[in-house]
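Accompanying notes for the structure given below.
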Amino acid sequence: AAKGLSVMGNDQDDLVVRVARTLRELVAAGHTIRFLVANRDDLDTARSCAEQAGLGERPDVRLVTEPQVFLREVAQCEAFIGERLHAVVLATAAAVPSVMLEYQPKCLDFMRSVHRQEWSLRTDRVNPGILAAMVQDMVAARSKHALQIRDAVDLLRAQLETEIRALRTALEAA
């Protein structure tokens, strides 16, 4: 999201401050932070968040605009916090437990579709302590979360394949 953009009643700068506080808590708990930036327009925001989180002179901020590369990069993560819907979709495709920073209702809709709605936080309700606890919970039970995600994605994939077969049959009959 662009700097200063209203995000479900909150401005982006305030959200960056709260996410930075979350990252400081996670670093203090021993986690390493990597920013995977899927949209070039978000680079400045990611760098600002890294600076506010105190991640040092050379924080790990990567511009990853190709979906296959993003999938490879995110698969190396224990957990993912994302505001961009397509980034969380890719993390989910890689079975990486994610917290969706829900800037629009479509984000919650997606999380519901993979039975992960409890891992969606409205951007105007992000609390650093709660977000950090959510990430730590996901990391502590990563294999359980990954299995649940794989099951949900596999079910959606099977439903899609069934629909495709039905469409092909209907088109061939027409």
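Once you order the gyration tensor axes a ≥ b ≥ c over the Cα atoms, which shape class does segment 109-168 get: rounded for a/c under 1.5, otherwise prolate or oblate by comparing a/b with b/c?
Values: a/c = 6.20, a/b = 2.01, b/c = 3.08.
Here segment 109-168 falls in the oblate category.
Of all the options 132, 140, 87, the one that moves most in a Gaussian network model of the chain with Cα springs shorter than 10 angstrom is 140. With +1 on each Lys and Arg Cβ and -1 on each Asp and Glu Cβ, how big is the dipole of segment 18-71 about its Cα centre, in debye rounded to the nearest 20? Charge dipole, segment 18-71, about its Cα centre: 140 debye, nearest 20. Amide hydrogen proximity for residue 122: with H placed 1.01 Å from N in the peptide plane, the residues at 5 or more positions away or on another chain lying under 5 Å are 102.
Farthest towards the positive end of the charge dipole of the chain, among the residues 119, 75, 129, is the Cα of 75, using unit charges on the Cβ of Lys, Arg, Asp and Glu. Per-residue SASA remark: residue 25, around 80 Å² accessible (1.4 Å probe; ligands, DNA and RNA not included).
How large is the dipole of the chain about the Cα centre if only Lys and Arg carry +1 and Asp and Glu carry -1, each at its Cβ, rounded to the nearest 20 debye? Provide the component values of the computation, followed by the final result.
Working: 22 positive and 24 negative charges, 53 e Å.
Rounded to the nearest 20 debye, it is 260 debye.
Find how much the distance from residue 143 to residue 169 grows on full extension, using 0.36 nm per residue of separation minus their present alpha carbon separation; answer in nm with one decimal. Present the calculation step by step, with values, prior to reporting the outcome.
Values: separation 26, 0.36 × 26 = 9.36 nm, distance 3.86 nm.
Gain on stretching residue 143 to residue 169: 5.5 nm.
Each of (1) 16.9; (2) 17.6; (3) 16.0 is a candidate for Kirkwood radius over Cα pairs in Å; the one calculated from this structure is (1). Remark on residue 61: its backbone amide H falls under 5 Å from those of 35, a criterion applied only to residues 5 or more positions apart or on other chains, H modelled at 1.01 Å from N. In whole percent, what relative contact order does segment 79-145 give with Cα contacts below 8 Å and a gap of six or more residues? Dividing the mean separation by the residue count of segment 79-145 yields 32 percent.
The values are calculated or read from the model by the stated rules, or taken from the named source; none is laboratory data. Everything numeric here is computed off the predicted structure, so don't read it as measured data. We place every Cβ from the backbone using ideal geometry, glycine too, and count neighbours over all the protein chains shown. Note: areas computed on protein heavy atoms with side chains; ligands, DNA, RNA excluded. Shrake-Rupley method; radii C 1.70, N 1.55, O 1.52, S 1.80 Å.
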